[in-house]
1. Looking at (1) at pLDDT 80 or above; (2) open to solvent by 50 Å² or more (accessible area, probe 1.4 Å); (3) closer than 26 Å to B:Asp282 by Cα; (4) in contact with a strand residue (DSSP E or B) (Cβ under 8 Å, 6 or more places away or on another chain), which is the only condition A:Lys248 fails?
2. What are the residues in the range B:67-95 that are facing chain A (nearest Cβ under 10 Å) and outside any loop (DSSP other than H, G, I, E, B), if any?
3. Hey, does the range B:292-301 have a residue that's of a type in the set (Gly, Ala, Ser) and not assigned by TED's automatic domain parsing to the domain that holds B:Gly184?
4. Test A:Thr130 against the criterion of being open to solvent by 10 Å² or more (accessible area, probe 1.4 Å) and more than 30 Å from A:Ser308 (Cα to Cα), and give yes or no.
5. Picking from B:Cys354, B:Cys318, which residue would you name as being touching a Lys or Arg at 6+ places or on another chain (Cβ under 6 Å), closer than 29 Å to B:Ala77 by Cα, away from every other protein chain (no Cβ under 14 Å) and not β-branched (Val, Ile, Thr)?
6. Given the conditions (1) in contact with a strand residue (DSSP E or B) (Cβ under 7 Å, 6 or more places away or on another chain); (2) outside any loop (DSSP other than H, G, I, E, B), report the number of the one that A:Phe215 does not fulfil.
7. Only one of these conditions is not met by B:Gly50: (1) crowded, with 19+ Cβ neighbours inside 10 Å; (2) part of a helix (DSSP H, G or I); (3) touching a helix residue (DSSP H, G or I) at 6+ places or on another chain (Cβ under 8 Å); (4) within 11 Å of chain A (Cβ to nearest Cβ). Which number is it?
8. Tell me, which residue of the range A:133-167 that is within 14 Å of another protein chain (Cβ to nearest Cβ) and aliphatic (A, V, I, L, M) is surrounded by the fewest Cβ atoms within 10 Å (Cβ to Cβ)?
Number of protein chains: 2
Amino acid sequence: MSEILQGAAVIGQSGGPTVVINQSLVGFIEAAKEAADITQVLGARHGIAGMMKGDLVDLGQETAATLAGVAQTPAAALGSVRMKPKAEDIAVAIETFQKHNIRYFFYIGGNDTAETANIVEQQTRAMGYTMRCFHIPKTIDNDLRVTDHCPGYGSAARFVAHAFQGDDRDNRSLPGVKINVVMGRHAGWLTAASALGRRSEADGPHLIYLPERTFRPEDFVAKVEETYQRLGRCIVAVSEGIHDEAGKPFLQVYAERAGSALAGMKDSHGNIQLSGTGALGDALAGLVKEHMGSIRVRADTFGYLQRSFPADASPVDCAEAREVGRQAVLAATSGEYASGSIALKREEGAEYRCTTFVTSLDSVAKHTKDMPDEFLAGEEGVSQAFLDYATPLAGNIQAMTDLARVKV
Amino acid sequence: MSEILQGAAVIGQSGGPTVVINQSLVGFIEAAKEAADITQVLGARHGIAGMMKGDLVDLGQETAATLAGVAQTPAAALGSVRMKPKAEDIAVAIETFQKHNIRYFFYIGGNDTAETANIVEQQTRAMGYTMRCFHIPKTIDNDLRVTDHCPGYGSAARFVAHAFQGDDRDNRSLPGVKINVVMGRHAGWLTAASALGRRSEADGPHLIYLPERTFRPEDFVAKVEETYQRLGRCIVAVSEGIHDEAGKPFLQVYAERAGSALAGMKDSHGNIQLSGTGALGDALAGLVKEHMGSIRVRADTFGYLQRSFPADASPVDCAEAREVGRQAVLAATSGEYASGSIALKREEGAEYRCTTFVTSLDSVAKHTKDMPDEFLAGEEGVSQAFLDYATPLAGNIQAMTDLARVKV
């Protein structure tokens, strides 16, 4: 299939935003404007929902200055959406595609977004409408398969690493137990990044709880106490997705045990709400207080700052997010692929360098990627292999500095 | 009193840490090493507690490279403490002062810290021990009297402003009601900084609740609903210190009403615990859900990140924090003052510029400074006068950029 396909291109953004998601949008716009076969560069408001409603904007009219600013502005500039379209939804969207002769479809997001691109590809093909469908990867969760890592992860990891560095210093100043809850419902990649700023055994986090392991409350409080006895303080990183052996979220287990109103806090997918609430951190702090008595215990939930804080993006992440947007256009207009997802490949060598390649939508859609065993260390830690993997993505995390503190 | 006083200097850090508190420490060390009358530069571990125990370190032995790193490391490098010493505690500390011939006492912190310096000054004088006692201001709360503003505030304000900018973009992507709880038990300075990144009416936060006003839950939910109806979303900034007409913290009112276990969550001062928990945000989100039904409502509590995030300090704040440390040494060794606190004065003129002066410990100790009425606007806002006041302290907060979004 190397036939020439001329027509408009449309792009949408989907799922939870990141700090660099607009880098990909701008990389796409810049390349699409230069592509000979793309006749118009359109953006859909709130993803597939905007395509169904015909709510489109002309991205070709954005100035270079606007694009430069938008690239550095967090969260989906076109608006995002959480919607998995059915065949009949695509039948509606195809009217918009036909009306504007849209022959290139691009969708920025995670695995659900890749699945939507897949559905769009299948449905339009079934309807005899030729369209090239590409997924542009984005997720702070870093849980897409095939790719080495996901644009958006590096900046979120950088935020989390810096947050733990600062909080570790705060906790040295006024010692106690401090629990910080990090995003990541299914995979521990972002919570693991809490370790990227550590330089010594004394540096927190001292315990890291990931969804790749079973969370046992009795082990948790015992480990916290042991650490507190040893160091006089304890910093804990906890993924919001910690769960029991059966996979039930810990917060749900806790709420059911407590007969609490929390058990009814469900999000729009019917899952217990983990983000945008401090309930998990407070529940864990409560466990520690029950177990250890009147020591100072505090919990913070980093919340949406992890995916939206505008002032500390990873430069590598920014550049890569821009590049995957550009590469999606090049792949789609190359005539080599009817569809695909842009993935990153880490090249061999001492210096970090990634290139891109095209993988199938199928290979990225639906399923996610947990942290491999080699990146974990024991029940509450991450390995050097993980640190080697993630450090270049987050960028240079400066060491904190201690006084020598020569005793008088 | 311009007599020459020769002896060692000791410095301690007290109260909640900030991102720039070590800038003041380093400013002090650099100046103290150069002061002719200061024979040794000592640091006390965990403030007055370390002075009582004789837990001192020789700061004169720190290298320039270490000091440069420490200046950029958040939270008290010497360790902090929350302790208001009594006369008998000073009687213990004075043994340490005598042993090392400490004649210069410096204490970095907020109003409680100034009060401790005051007590040290009074008690040592009463005991016939000549010592110069200086307070070096620090607090993210910005609630010290006399001074134009407090070192530590600018960086915390910058973090909060950036956090709201990013969260506002996140909320545009996936609209709903979002409540963010900001530190500040008594004064609203830091919560007010949530407005520093706004550039238009549409930008959040749309509602700002400060402890300078009475918080009425029924007005709050009505305003949130009105904003949501108008904009399709609503971002709220809430100070952790919001309270009813009688001054009782809202969280306590709420917990008592709900008969909840929260009513028993007290900190070490016997106050209801407001920091290091998501309870207030979750309670407010619960109110909105009760009132508005099944819309998307989320709450985040920014927590200790506001005072410890290492990667986004305000350059002006860093420089001023360094300078007040240095000026404390110059004032103490000038022979002009037996004691005092360093304050900042904003000079007239179009360009922001501050100079320092010495004020009495009494004038800064004990009491705090709320936001003046001219900095407030209505029941849920801040004025242009506040923005003019706070903007130079937080440094340059870049505008977020919108796409032009030309409709097709």
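The values are calculated or read from the model by the stated rules, or taken from the named source; none is laboratory data. Owing to the predicted nature of the structure, the values given are computational and were not obtained by experimental measurement. Here Cβ is always computed from backbone atoms with ideal geometry, including for glycine, and neighbour counts include all displayed protein chains. Heavy atoms of the whole protein, side chains included, go into the accessibility calculation; ligands, DNA and RNA do not. Shrake-Rupley method; radii C 1.70, N 1.55, O 1.52, S 1.80 Å.
1. (4)
2. B:Leu67, B:Ala68, B:Gly69, B:Val70, B:Ala71
3. no
4. For A:Thr130, the condition - open to solvent by 10 Å² or more (accessible area, probe 1.4 Å) and more than 30 Å from A:Ser308 (Cα to Cα) - is met.
5. Just one listed residue meets the conditions, B:Cys354.
6. The failed condition is (2).
7. (3)
8. A:Ala161
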